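Working notes, beginning with the structure itself.
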Amino acid sequence: MSKIKEAFAQGKAFIPFITCGDPNLETTAAAVRAAVENGADLVELGIPFSDPTAEGVVIQEANVRALKGGVTTDKIFDMVKNLRGDVKVPFVFMTYANVVFSYGAEKFISTCKEIGIDGLILPDVPFEEKEEFLPLCRKYGVDLISMIAPTSEDRIAKIAREAEGFVYIVSSLGVTGVRSEIKTDLTSIVAAVRANTKIPCAIGFGISTPAQAKQMANISDGAIVGSAIIKILAAHSEKAPKLIGEYVREMKEALRSLYSNS
């Protein structure tokens, strides 16, 4: 069984996203540990890229800060290796195809396996082009995670049937970022996914409050939050991990309320 499935085994999963190296890797590691200690079931780690096309302003700025601070893929690998000394929840990298290509795809993915990365999300790689990476991911046991957007429509069934790890359902059109409300008909998308795979699905993009997380996890298997966490980092820098831990605890408690009485 994919280790990623373990994140969903105890109920609704809460998945925080953290940009590596913003403001530095020591703070990233502290934020990851604080998130896990307070209930994060899986952590999505962003490898900074100069042109993060799927990201809104908040995460774009985090990428810029991290790159200006001198973060590199090798330094991120070292940080993850260190985290794996005590952090056991699944880790997933989120980055862009050029980062993997420029590092060397096989070297990148084999290193992911060595350091304990369980999955890879490449938002700029369409489903139809995943064969660029899928054979290597399978060779080294790293799940290549598929994204399904409101525009996927008649491709949803096919994407779901071939999905690995978990299905990342994008809540809204456009880039990442906090939204006051989510209006997409996600219930029908989740139903289509579940009709075609037993792999869990989680909803991301735009979720920032416990009420939103509860709403999204109620119809899926979990909630993914990025921009709201990056805002805490932007505002509090090295002092952010404690606040991130408190935020994650609040969000996870909202999700626990969906199954604590079942």
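Read-outs throughout are calculated quantities, based only on the coordinates presented, and are distinct from any laboratory measurement. Just so you know, these numbers come straight off a predicted model, no measurement behind them. Note that we place each Cβ from the backbone using ideal geometry, even for glycine, and neighbour counts take in every protein chain shown.
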| request: Mind sorting Ser227, Ser50 by how few other Cβ atoms lie within 10 Å of their own Cβ, fewest first? | output: Ser50, Ser227
| task | Please identify, among Lys198, Lys113, Lys214, the residue showing maximal mean-square fluctuation in a Gaussian network model of the chain using a 10 angstrom Cα cutoff. | result | Lys198
| task | Please give the calculated 222 nm ellipticity per residue for the chain, where each DSSP H segment of at least 4 residues contributes -39500 (n - 2.57) and the sum is spread over every residue; nearest 500 deg cm²/dmol? | result | -13000 deg cm²/dmol
| request: Find the centroid of the Cα atoms in segment 222-236 and in segment 3-48, then give the distance between the two in whole Å. | output: 11
| remark: For segment 189-198, Karplus-derived ³J(HN,Hα) couplings (6.51, -1.76, 1.60; θ = phi - 60°; whole Hz; x for glycine and proline) come out as 5, 4, 4, 5, 4, 5, 6, 10, 7, 9
| Table column - 3J(HN,Hα) (Hz), segment 19-31, Karplus curve with 6.51, -1.76, 1.60, x for Gly and Pro | 6, 5, x, 10, x, 7, 6, 5, 5, 4, 4, 5, 5
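Would you work out the relative contact order for the chain, in percent, from Cα pairs under 8 angstrom that are 6 or more residues apart?
Reported relative contact order: 26 percent.
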| query | Going by how many other beta carbons lie within 10 Å of each one, how would you line up Arg33, Arg155, fewest first? | reply | Arg155, Arg33
| What residues have an amide H closer than 5 Å to that of Arg84, excluding those fewer than 5 places away on the same chain, when H is modeled at 1.01 Å from N in the peptide plane? | none
| Dipole in debye (nearest 20) - the chain, about Cα centre, beta carbon charges: Lys, Arg +1; Asp, Glu -1 | 580
| task | Would you tally the net charge around Glu162, using a Cβ to Cβ cut-off of less than 12 Å, leaving Glu162 out, and scoring K and R as +1, D and E as -1? | result | +1
| field | Partner lysines for Lys113 [C-alpha distance under 25 Å; skip if fewer than 8 residues away on the same chain] | value | Lys3, Lys5, Lys75, Lys81, Lys88, Lys130, Lys139, Lys198
| According to the square roots a ≥ b ≥ c of the eigenvalues of the Cα gyration tensor, what is the shape class of segment 204-262, taking rounded for a/c under 1.5, prolate for a/b larger than b/c otherwise, and oblate for the remainder? | oblate
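Rounded, prolate or oblate: which fits segment 44-149 when a ≥ b ≥ c are the square roots of the eigenvalues of the alpha-carbon gyration tensor, with rounded for a/c under 1.5 and prolate only if a/b beats b/c?
Values: a/c = 1.55, a/b = 1.05, b/c = 1.48.
Oblate shape, in that a/c is at least 1.5 and b/c is the bigger or equal ratio.
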| task | Mind giving me the nanometre distance, one decimal, between the label points for Ala105 and Gln10, set 7 Å out from Cα along Cα→Cβ? | result | 3.7
| Whether the chain is rounded, prolate or oblate, judged on the alpha carbon gyration tensor where a/c under 1.5 counts as rounded | rounded
| So which residue, out of Gly245, Gly11, Gly226, gets the largest mean-square fluctuation from a GNM of the chain using Cα contacts under 10 Å as springs? | Gly11
| Calculated from backbone phi, Karplus (6.51, -1.76, 1.60) coupling profile of segment 4-15 in Hz, x at Gly/Pro | 4, 4, 4, 5, 9, 6, 9, x, 5, 8, 10, 10
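For the residues Phe49, Phe93, what sequence is obtained by ranking on other C-beta atoms within 10 Å, fewest first?
With the fewest neighbours first, Phe49, Phe93 line up as Phe49, Phe93.
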| query | Cross-link partners among lysines for Lys252, C-alpha distance below 16 Å, same-chain residues fewer than 8 apart left out? | reply | Lys12, Lys214, Lys242
| Given springs between every Cα pair under 10 Å in a Gaussian network model of the chain, which of Asp74, Asp118, Asp154 has the largest fluctuation? | Asp154
